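For reference, the structure discussed in these notes is given below.
What follows is calculated from the coordinates using simple rules that are stated; it is not laboratory data. It should be emphasised that the depicted structure is a prediction, and the values quoted were computed from it without experimental measurement. So basically every Cβ, Gly included, is an ideal-geometry build from the backbone, and we count neighbours across all protein chains shown.
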Amino acid sequence: MGDTAIPRLTPREKKGWRLTSILHRLWLLAWVVGMITPSDSSAQSAAASALPTLSGAADITGPPEKVGEALFNLHCVVCHQSGAKGQVGLAPSIRNRDFLALASDDFIRNTIATGRVGTSMMARPDLVENQVTAIIAYLRSLHVENPVTVHVDWSKKYTGDQGAGSVKFQIYCAPCHGPKGEGYAARVVGTGIGLPGFLSVASDDYILQTLKHGRIGTPMQPFLGAKGLANLAEQDVFDIIAHLRHLGENYVPEPAGIYREANPALGTTLFTINCAPCHQAGGEGKIGFAPSIRNRDFLAIASDDFITKTVHEGRQGTGMLPRPDLSEQAVADIISYLRAVPIVVPIDIQIDRQITFSGDKAEGETKYQTYCASCHGANGEGYTIGLPGTSIGMAGFLDVASDDYIFQTLKQGRVGTPMKSFLGSKGLANLQVADTHDIIAFLRTLPSKQASAKPATSDFE
């Protein structure tokens, strides 16, 4: 195989990447020794999606599998874990011997491009063909014990009895995959095999071969034949496949809008699946990767609309990808969970979203560089260049943060985080109100500066 080009990492980007590797190992160690409980196991601290976007005109070349490993560690590791080994209840192992024997390159490619409807596996059309090819090359380069070759007929269809398959599914499959094949969303250990996102790419023979071979090293055991867990006959599998197709065809997505009272218990599950990999268990955040969103001051300042808009639109230029797949009701449930978390000494802050302040941009730049840049970056890049502060200079933040939101943040700080109060005699810098207005005026200039500095083309276009 020939060499594949990958954008060269800047020194700051390399720093962020190394920090991710270190924290990822610390998280694994904490999980092993019991500092993180099994119920929190999806709180993967190596939030690789918060890492820098690869940028720069200069390219380096290398074997495709090495390029793919770099891309995997930037885009996939936060859910699929180091070495693609997966995490039960969060994301499956995709370096598994049996998965790689069954899944064609097109199967993996389509899954990345279109995502898995009903799961936290988002579509990633931003990853272009040569990048996906490199990721696949990396997965196929991983060492597996006793490799097997399995031929899957992607066009073959089997005829089964859906009614009989429903009974068999409930007996043999539902305990791990959920009564309707919902998977992790039902707080079970198995994937969402009844969801259209899976069934649209999985052929009948792919499912048959999975039941025949299982997934070595995972809870998914073989079920077919005398050596199988249930000694199923092929016709039994055909019946189960017929039922799975019925589930996919009758999948009903959640209605639009908010149609019931928000449920914190459901919000807990949704948060664990969709948010905890970056924002950690309980929304506590991880410095350098994702901010605390259960923080007292954040929850006092951020309205439900602010959080909803951030979830649906993401934060442009950061690792916070847009999640339009999460319904308004799902986001409302997540917010109700966050607001139900007990807070010591709660406070109430009223934000005026309409008010705008007049400040001196030039003065604001000087003050910003003095008081803010050390944590947030000279241009507000934040985590994307390996710094401990958030990306407050990015359009994704400034488009939703009002002037008063930023002012109140400077005034209140974020208790329990490195973000301290900067305003008044009790503030870290004793800033005056006019100083904060100058800083806000400067912040508002940053998105246009970043846009003008961005190359005309990028590796993601």
Sites residue 353 and residue 104, calculated FRET efficiency, Cβ-Cβ separation with R0 51 Å, nearest 0.05: 0.55
Against the rule of thumb 2.2 N^0.38 Å, how large the Cα Rg of the stretch 264-453 comes out: 1.00
Against the rule of thumb 2.2 N^0.38 Å, how large the Cα Rg of the stretch 237-280 comes out: 1.70
Extension reserve of the residue 164-residue 370 stretch, reckoned as 0.36 nm per residue once the Cα distance is removed: 67.1 nm
Pairs beyond 29 Å (Cα-Cα), from 180/286; 85/309; 156/227; 286/411; 85/157: 180/286; 85/309; 85/157
Percentage relative contact order, the stretch 232-365, counting C-alpha pairs under 8 Å, at least six apart: 30
Positive minus negative residues near residue 340 (Lys, Arg vs Asp, Glu; Cβ under 11 Å): +1
Gain on full stretching of the segment that runs from residue 230 to residue 378 - 0.36 nm per residue minus C-alpha separation: 47.2 nm
Burial order of peptide ranges 428-434, 380-386 (average beta-carbon count within 10 Å, highest first): 380-386, 428-434
Net dipole in debye of the stretch 264-453 [+1 Lys, Arg Cβ; -1 Asp, Glu Cβ; about Cα centre; nearest 20]: 440
Net +/- balance of residues flanking residue 109 in space, Cβ distance below 13 Å, scoring K and R +1, D and E -1: -1
Estimated translational D of the stretch 162-249 in µm²/s (Stokes, Kirkwood radius over Cα pairs; 10 °C; 1.306 mPa s): 125
